[in-house]
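> Could you have a look at this structure, given as structure tokens, before my questions?
The values are calculated or read from the model by the stated rules, or taken from the named source; none is laboratory data. Computed from a predicted model, the values in this text were never measured in an experiment. Because the Cβ atoms are built from the backbone with ideal geometry, glycine has one as well, and the counts that use them run over all protein chains shown. In case anyone asks, the SASA skips ligands and DNA or RNA and just uses the protein heavy atoms, side chains included. Shrake-Rupley method; radii C 1.70, N 1.55, O 1.52, S 1.80 Å.
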Amino acid sequence: MEFNPEDIKRNWQMLNRKVDELDERTIGMAQKLAISKSQSLQQRLGRRYRTQALLGFLLPLLAPLLVWIDLPLWVGIAYGLVGVALGVVNLHFSRFISNIDYTDLPIVDAMSHAVKVLRRQMWVKRVGYLLGILIVAPLLYEIWLLGEPDVFVSACIGGVLGGVIGLYKQRVNNRIARQLVNTLENDIKQ
């Protein structure tokens, strides 16, 4: 058995090329996997905000109940308008989240969009809190003026439970948005 140095050299170079090709394929597959995971998170977050928009659009349907328990008409109208405003904000944000297909973008551009989603999410949360306070405070005040402690206690309990549920949903949405950023960030580091 003879060892020809040229054959060994040629085989070594061919092996190096194959290893490089495998490395490129592995990197490509890892990037596709990360993009796929980030796209799944993106769609999930968009769906959650669309659901919240739908719930906001349903609030005007509850407004007549407020008038039915003898609250002033302006409270019912304001309640309905705040619901519509929350629905519009959440629907607009949902479209912003889902508007871009990460598979068509370079990873850096996808990361940039994900960071914008995280920043805008903070503003959507602030608008939601502001609108919530603007309607809940007068609503509770008007319920207090009704002079029926049972209705007021029920409203307070409902407000607290609604606030807890809202905070939980917001934390889940925030976690999904951070996962989206982290997934893309990890892909850039690789």
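> Relative to the longest principal axis of the chain, what angle (0 to 90°, nearest 10) does the C-alpha long axis of helix 149-189 take?
Taking Cα atoms only, the helix is inclined about 10 degrees.
> Suppose every K and R has +1 on its Cβ and every D and E has -1 on its Cβ; what is the size of the dipole of the chain about the Cα centre, in Debye to the nearest 20? Walk me through the numbers before you get to the answer.
Numbers: 22 positive and 16 negative charges, 24 e Å.
With Lys and Arg at +1 and Asp and Glu at -1, about 120 debye.
> Next question, about the same structure. Using the 2.2 N^0.38 Å rule of thumb for compact globular proteins, work out how the chain stacks up: its C-alpha Rg over that value, please.
Numbers: Rg = 26.9 Å, N = 190, 2.2 N^0.38 = 16.2 Å.
Its radius of gyration relative to the 2.2 N^0.38 Å reference: 1.66.
> Could you work out [θ]222 nm for the chain from helices alone, using -39500 (n - 2.57) per DSSP H run of at least four and dividing by all its residues? Round to the nearest 500 deg cm²/dmol.
Values: 4 runs with 170 residues, N = 190.
So the calculated ellipticity at 222 nm is -33000 deg cm²/dmol.
> With a cut-off of 8 Å between alpha carbons and a minimum separation of six or more residues, what is the relative contact order of the chain in percent? List each step's numbers first, then the result.
Numbers: 146 pairs, mean separation 54.4, N = 190.
Relative contact order for the chain comes out at 29 percent.
> Follow-up question, since we're still on this one. Got a number for carbon plus sulfur as a percent of the range 108-190's accessible area, 1.4 Å probe?
Working: 3500 of 5360 Å².
Roughly 65 percent of what the probe reaches on the range 108-190 is carbon or sulfur.
> By how many degrees, between 0 and 90 and to the nearest 10, does the Cα long axis of helix 5-68 differ from the longest principal axis of the chain?
Result, in degrees: 10.
> Working from the pairwise distances between different alpha carbons, so that the mean of 1/r is found and then inverted, what is the range 53-150's Kirkwood radius in Å? Walk me through the numbers on the way to the answer.
Numbers: mean 1/r = 0.0648 Å⁻¹.
This gives a value of 15.4 Å.
> Also, quick follow-up: Could you work out how much longer the chain between Val153 and Glu6 gets when fully extended? Use 0.36 nm per residue separation minus the Cα distance between them, nm to one decimal. Mind showing how you got there, number by number?
Details: separation 147, 0.36 × 147 = 52.92 nm, distance 9.02 nm.
Separation in residues times 0.36 nm, less the Cα-Cα distance, equals 43.9 nm.
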